[in-house]
1. Looking only at the stretch 247-273, which residues are modelled with pLDDT of 95 or more and among the hydrophobic types (A, V, I, L, M, F, W, C)?
2. Taking the stretch 285-318 as the search range and keeping residues that are charged (D, E, K, R) and closer than 30 Å to Leu254 by Cα, which one is nearest to the chain's Cα centre (by Cα)?
3. Go through (1) modelled with pLDDT of 80 or more; (2) under 16 Å from Arg307 (Cα atoms); (3) of a type in the set (Val, Ile, Thr) and name the single condition Ile51 misses.
4. What are the residues in the stretch 303-314 that are surrounded by fewer than 24 Cβ atoms within 10 Å (Cβ to Cβ) and hydrophobic (A, V, I, L, M, F, W, C), if any?
5. Filter the stretch 366-424 for residues that are out of contact with any strand residue (DSSP E or B) (no Cβ under 9 Å at 6 or more places or on another chain) and among the aliphatic types (A, V, I, L, M); which is farthest from Lys337 (Cα to Cα)?
6. Condition (residue is hydroxyl-bearing (Ser, Thr, Tyr) and over 22 Å from Ala119 (Cβ atoms)) applied to the stretch 331-340: is it met by at least one residue?
7. Residue by residue through the stretch 353-369, note down the ones that are surrounded by fewer than 21 Cβ atoms within 10 Å (Cβ to Cβ) and closer than 18 Å to Glu153 by Cα.
8. Identify, please: which residue in the stretch 383-419 is exposed (fewer than 15 other Cβ atoms within 10 Å of the Cβ) and modelled with pLDDT of 95 or more and is, among those, farthest from the chain's Cα centre (by Cα)?
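The values are calculated or read from the model by the stated rules, or taken from the named source; none is laboratory data. Because the structure is a prediction, the values reported are computed rather than measured. As a convention, Cβ positions derive from the backbone with ideal geometry for all residues, glycine included, and neighbour counts pool all protein chains shown.
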Amino acid sequence: MVTLVAVLALVTPVLAATAATKTKGKVTAAKAKAKGKGAATTGKPATGAPIKVMVEAPVDSQIAPYPNIPAAAKVYVQWLNDKGGINGRPLELVVCDDQADAAKTADCARKAVEQKVVANVGGFTIDMSRSIPIMEENKIAWFGACCPIVAQENTSKISFPMGFVNGFPTAAARKMVLDGCKSPVEIYGDLPVADVFHTSFVNGWKSKGQDPAKLRVVKIPLAPGDYSAQAAKANSPVADCVFGNISEINWGPLITAFDGIGATPRYYGPQGNLDGKVAEQFPKQTEGAVVVNVYPNIAAPVWNDYRAALVKYKAPDLDWNSLAGLGTWTAFTAFTKIVGSMTGPINNVTFLAAASNSAAVDTGGMVGVVDFTKEWAGGGGAFPRIFNRTVFFDVIKGGKLTPLSVPPYDKAFDVTDAFDGKVS
């Protein structure tokens, strides 16, 4: 996603060959069942009164297209409804393409009000600043987002993110230190949030006892193009490691630009952006590259149902081992858990109350058990709604993403202290 936007990465042991997967639409269905897959399904197709939800993402966009978000939501809804829905009630999906335009996100919020959706679930866009006030006024939750970017997503009482993209730079910086990087460069899309990401990187660097004085930042245009000038700037002096908190569509031109000047840095980037498509296109250049994740690699057992559903419902050939795909499935899983435990009417107001009082939302390992009742005081108080602060890591080998197996990054890593620059 743009820097996911910025971004917009977690690790578990690799499955045996019979459960191996590719990172795009051609996935392998596994026989084993995943844990934490939802509440109170009947095993028979759902027939009750529908529970209406929205999923929002930019699709028709030249800046940050994420068609895998609504596609993953559609697959989840089909899968869940065929299993009996939530206590016999099917999910009904409303899709809104905001085109990565802040004004159109507000249109999506108004559409959510008009359609009387229970929540806006599992989405992402680069600027929710105009839509969150509308959802606040109408008590509609922005639920399960992988990648909160703007301040309102980190502070609003209707925001329930499940990822922490501001922790990506922190985690990448710590990993760079362990990898022996001496001349790192940070590359961000040309957005104000880049300065926030830089602070996160600095704190991660400091948390390993390193002096941040020599850290360098280069910004690139959001639209893909010729990044030769930016690559030359980044490589003067020579960069041994590059953290790119940029979109998937920016990675190709950036790597090409570094190739053009003969530079061969080790790359670091976020899940869903430095992804399988980039690795396949540039296998030599990305060999040994590190990917920071919110969610475990798609090969993990927790994704058995996800992989099987992608096959069963003939999902399009998109990147499914991504923040967008994995994150949307996780958000809908958490939504199902909460709604499945509710009694009485299910609407936007009652769901918002139920989510706000959910102290142990267990998705079976898609993320850690999340407590939506406890806000976070860290990060200078700017991120109270960040409930999950763990990341995982993949490494690219032979053009494929593989879970990192080197301690301490071979399991979920908590960036809470490092984000505030505490040395450890």
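1. Trp251, Leu254, Ile255, Ala257, Phe258, Ile261, Ala263
2. Asp317
3. (2)
4. Ala308, Ala309, Val311, listed by residue number.
5. Filtering the stretch 366-424 for residues that are out of contact with any strand residue (DSSP E or B) (no Cβ under 9 Å at 6 or more places or on another chain) and among the aliphatic types (A, V, I, L, M), the one farthest from Lys337 (Cα to Cα) comes out as Val423.
6. No, every residue in the stretch 331-340 fails to be hydroxyl-bearing (Ser, Thr, Tyr) and over 22 Å from Ala119 (Cβ atoms).
7. Pass one, the stretch 353-369, residues surrounded by fewer than 21 Cβ atoms within 10 Å (Cβ to Cβ): 353-354, 356-360, 362, 364-365, 368-369.
Scanning the stretch 353-369 gives Ala353, Ser356.
8. Residues of the stretch 383-419 that are exposed (fewer than 15 other Cβ atoms within 10 Å of the Cβ), as a first pass: 397-398, 405-408, 414.
Filter once more, so that each one left must be modelled with pLDDT of 95 or more: 397-398.
On the way: Lys397: 22, Gly398: 24 Å.
Selected residue: Gly398.
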